[in-house]
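Read the structure below first, then the notes.
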Amino acid sequence: MKTHSIAIALLLLNLFILPISFAEEAVVNAVKVADGSNTALTDSGFDQRGYYTFRPDLRKCLSPLCGGYFVKAVNRTLTRCPDGSLQAECYVASLTNRKKLDLSSASLLQGAIRPKIYQGFGNLGIFSLQAAFSPATKAVGAGLFVGLENNGIVCITTPCFSADQYLLNRNKIRMISGIDLQAVGATGTVLNDALAIMANGGVLIASGTNQQVEEVTGKGITFVANQFYLPM
């Protein structure tokens with residue numbers, strides 16, 4: 001009877017120790033990524049490439065010199081333009097939209113800038129659209145643009161690095177322990193739509209900053225969003 005009680009006690013102890021050790025290992029991995037000593041390509045199938053903010057060109061001049069779009073790669077100081085030059089943002093004279101998405105409410109695009117010659121005007125470029133995203137509110141996103149995904153880790157203590165953060169237009173991923181969408185100020189319905197994306201195994205696109213937070217067993221990393229984007 002005594003031996004049986006000891007065995008049960010050891011089993012319970014192991015159940016508590018293993019998750020805590022796993023959480024501690026996650027902290028170490030997250031710190032390595034933060035220090036830049038450990039970067040990784042995503043293997044989840046999420047494509048981190050080709051994300052751009054954009055704005056219609058409202059200048060009044062002869063088309064196609066005006067009337068196209070200005071696009072800017074997120075998380076990049078400079079964007080590669082159709083002529084191969086690097087600029088703060090690029091003008092493209094047209095945009096392919098095979099899915100016929102209504103871009104009037106979009107503020108983030110995924111796709112590629114490609115060269116295109118317009119007779120009599122030269123290479124003014126075209127944006128090849130793959131996907132478009134609408135913002136949760138009218139606020140302009142700032143800071144880091146990331147993809148957020150639940151990685152399936154479950155812990156019995158905090159910090160628990162249960163989310164993966166993909167840096168858009170970069171081959172970088174880090175583990176974070178929290179996601180705060182409240183500061184965006186989205187309506188309850190829109191916020192629920194965002195949470196449903198992650199709950200169903202999808203990746204939520206957002207902008208904001210990473211903040212260190214003191215938690216039960218150490219420092220965690222929470223992504224505080226100032227905007228998030230829903231797929232159209």
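Every number here is computed from the coordinates shown, using simple stated rules; none is lab data. For clarity, every value in this text was computed on a predicted model and none was experimentally measured. Note: ideal-geometry Cβ built from the backbone for every residue, glycine included; neighbour counts use all protein chains shown.
With r as the distance between the Cβ atoms of K60 and Q130 and R0 = 41 Å, compute the FRET efficiency 1/(1 + (r/R0)^6) and round to 0.05. List each step's numbers first, then the result.
On the way: r = 30 Å, r/R0 = 0.74.
Computed FRET efficiency for Q130 and K60: 0.85.
Hey, quick one: spin label on L191, modelled 7 Å out along Cα-Cβ, who in segment 107-148 has an amide N within reach, i.e. under 11 Å?
Of the residues in segment 107-148, none has backbone N under 11 Å from the label point off L191.
Taking amide H positions as placed 1.01 Å from N in the peptide plane, with prolines and chain starts having none, which residues 5 or more places from N75, or on another chain, fall under 5 Å of its amide H?
Here F145 satisfy the definition.
Could you calculate the FRET efficiency of M198 with D83 from 1/(1 + (r/R0)^6), where r is the beta carbon distance between them and R0 is 45 Å, rounded to 0.05?
Taking R0 as 45 Å, the efficiency between M198 and D83 is 0.70.
Which three extents, in whole angstrom, do the alpha-carbon atoms of segment 51-134 cover along their principal axes, largest first?
The Cα atoms of segment 51-134 stretch 35, 28, 22 Å along their principal axes.
Say the cut-off is 26 Å between C-alpha atoms; which of K72/K116; K116/K172; K116/K138; K60/K116; K72/K99; K99/K172 go over it?
The answer is K116/K172; K116/K138; K99/K172.
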